[in-house]
Amino acid sequence: MDILYIVMPAYNEEDIIEKIVKKWYPIVNELGEESRLIIADSGSTDKTHAILVALKADFPKLQILSNTQKQHGPKCIALYHYAIQMKADYIFQTDSDGQTNPDEFDAFWKERHTYDIIQGKRLNRQDGKCREFVEHVVCFLLRIYFKVVIPDANAPFRLMKAEVVAKYLYRLPVDYNIPNIMLSVYFTYYKESIRFREISFGQRTTGKNSINLRKIFTIGFRALGDFWNFRREIKNIDSAFR
């Protein structure tokens, strides 16, 4: 039976984290003894961590990573490394803020043997026009820099074959802020078997958003330099194998 690790970064989600665990846990619970729900909680200043620890008594397949960096991107990288290290067959990444719907997971899982990567595509986002605009700009820049067409590069709803993630994860610094975007680039640029599937994406109603508008633009300006460096790296690697 395929081993699935559902991985989530968390930050100050005391109002919703118990609900999130209860909504997503049945998926791993039905997929055999070795599947797990892994939540990275490091840096929360509320009761998120205490709630997670208490939940472990009733949800034994729940594990907590508390030694990661605070930011969302480094947490995702740490979660991916952990899942790969633990020999997961598949990694499913989503967020812990309640904006994604676990009812939509099954359709992704049913296609896991058809595609190595099945990635969410948010056509009707409920998290604000600003973030939607930023995503459009990112996808435009990726097309310019890498010549790839990606409809949604940063959607936190992605089922990935662990061995494919491992092929590219080592290229990212452990403190990189936007790993999901660059993984989307690698998957698409190197023509991995990938499908973008429409998902719903609700409004954030609780918790603390760790990314504000100022941080978005700061990360965005840094990303321009990162994209240039990654493009040069890709070209160098491609040249070495010709």
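The values are calculated or read from the model by the stated rules, or taken from the named source; none is laboratory data. As the structure is a prediction and not an experimental result, all values here were calculated from the model. Glycine gets a Cβ as well: all are built from the backbone with ideal geometry, and neighbour counts include every protein chain shown. Surface accessibility is based on the protein's heavy atoms, side chains included, excluding ligands, DNA and RNA. Shrake-Rupley method; radii C 1.70, N 1.55, O 1.52, S 1.80 Å.
The requirement of being in contact (Cβ under 8 Å) with a residue 40 or more places away in the chain and farther than 18 Å from residue 176 by Cα is not satisfied by residue 29.
If you go through region 82-122 and pick out every residue that is more than 23 Å from residue 16 (Cα to Cα) and surrounded by fewer than 18 Cβ atoms within 10 Å (Cβ to Cβ), you end up with 12. Residue count for region 95-134, restricted to those that are modelled with pLDDT of 85 or more and part of a helix (DSSP H, G or I): 9. Does residue 58 satisfy the condition of being out of contact with any strand residue (DSSP E or B) (no Cβ under 7 Å at 6 or more places or on another chain), closer than 26 Å to residue 222 by Cα and in a loop (DSSP other than H, G, I, E, B)? Here the answer is no, as residue 58 does not meet what is asked. Considering only residues in region 25-48 that are out of contact with any strand residue (DSSP E or B) (no Cβ under 6 Å at 6 or more places or on another chain) and in a helix (DSSP H, G or I), the one that is least open to solvent (accessible area, probe 1.4 Å) turns out to be 27. Taking every residue in region 68-79 that is free of Cβ contacts under 8 Å to residues at least 60 places away in the same chain and under 15 Å from residue 160 (Cβ atoms) and pairing it with any residue that is of a type in the set (D, E, K, R) and open to solvent by 10 Å² or more (accessible area, probe 1.4 Å), at least 6 positions away or on another chain, yields no pair with a Cβ-Cβ distance below 8 Å. Here residue 11 meets the list (1) out of contact with any His (no Cβ under 8 Å at 6 or more places or on another chain); (2) of a type outside the set (Val, Ile, Thr); (3) in contact (Cβ under 8 Å) with a residue 40 or more places away in the chain almost entirely, failing just condition (1).
Looking at region 147-242, what helices (runs of 4 or more DSSP H) fall wholly within it and have at least 1 residues that are open to solvent by 60 Å² or more (accessible area, probe 1.4 Å), at pLDDT below 85 and more than 26 Å from residue 103 (Cβ to Cβ)? Give the derivation first.
On the way: elements: 162-169, 179-189, 213-240.
Qualifying helices (runs of 4 or more DSSP H): 213-240.
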